[in-house]
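The values are calculated or read from the model by the stated rules, or taken from the named source; none is laboratory data. Since this is a predicted model, take the numbers as computed values, not measurements. Glycine gets a Cβ as well: all are built from the backbone with ideal geometry, and neighbour counts include every protein chain shown. For accessibility, only protein heavy atoms count, side chains too; no ligands or nucleic acids. Shrake-Rupley method; radii C 1.70, N 1.55, O 1.52, S 1.80 Å.
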Amino acid sequence: MGILNSIEQTTKRAINSKHMLKGITLASFLESIIVPIPLEAILVPLLQARREKIWLIALMTTLGCMVGALVGYALGYYLFDLIGDWVIQTFSSPEQFEQVSSKMESQGFWFVLTLGIVPVPFQIAMLAAGATKYSLIGFIVATTIARSIRYFGLALVVYFAGNQAESLIRKYKTKAIIALSILVLLLWWMSSLL
């Protein structure tokens, strides 16, 4: 219960802080590269409390994640030989990383997009994209789409559901992730037919 209480206290302080936007951007940045914090636990109450800035909060959260994703890409691109083994052992396995690398070569855009939506550590996609020297533009576009779906999707739920958003998200999160994953996989499959 300690971590949940800590998150709740942090969220309460952030809601009315003049540094709220900087804080959520930093939290998103950290969540995307190293810290496995449940960002939704902070983001949804913040969106509910600051509805007048709902779209700006979603944008800043997306931007923080994008900067973190670029750092992860750069680590994979420039430092993979030095830190790659540690990262793979910490967040994944060599077999899983090898699968990711081979997918990046042939289907990088869809792979990054899918990993940005499904509940798999996104660090795998960032490092694989960098380590395999996947197109930076393709990586940025796929990451932007995936993370915008995540954060603007939450903002949309809060916009329409208001104070009921947290319970709706808790209730339908798994179903929504499955539906989005199926949709992305279907689009991926259809693109391979072209």
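What to note about this one:
- Seen against the Cα atoms of the chain and their longest principal axis, helix 20-33 is set at about 30 degrees.
- Angle in degrees between helix 165-193 and the longest Cα principal axis of the chain, rounded to the nearest 10: 30 degrees
- Per-bin percent of Cα-Cα distances, the range 144-194 [5 Å]: 4, 18, 22, 23, 15, 9, 5, 3, 1
- Listed by chain and number, the aspartates and glutamates whose C-alpha is less than 18 Å from the C-alpha of residue 171, apart from same-chain residues fewer than 8 away, are 40.
- Cα-based radius of gyration of the range 30-155 once divided by 2.2 N^0.38 Å, which approximates compact folds: 1.06
- Cα-based reach from residue 22 at 21 Å (exclusive), listing lysines while leaving out same-chain residues under 8 positions away: 12, 53
- Hypothetical label at residue 141: residues of the range 173-194 whose amide nitrogen lies under 15 Å (7 Å Cα-Cβ projection): 188, 191-192
- Candidate aspartates and glutamates - alpha carbon under 19 Å from residue 18, same-chain residues fewer than 8 apart omitted: 8, 52
- Distance from the C-alpha centroid of the range 148-165 to that of the range 91-121: 27 Å, rounded to the whole angstrom.
- Residue list for the range 114-157, given a label point 7 angstrom along the Cα-to-Cβ vector of residue 98 and an amide N cut-off under 14 Å: none
- With each label modelled as a point 7 angstrom along the Cα→C-beta vector, the residue 82-residue 107 pair spans 3.4 nm.
- Principal-axis analysis of the Cα atoms of the chain puts helix 136-161 at an angle of about 30° to the longest axis.
- Among 80, 152, 160, the largest mean-square fluctuation in a Gaussian network model of the chain, built with springs joining Cα atoms closer than 10 Å, belongs to 160.
- Residue 133 contributes about 110 Å² of solvent-accessible surface, heavy atoms of the protein only, 1.4 Å probe.
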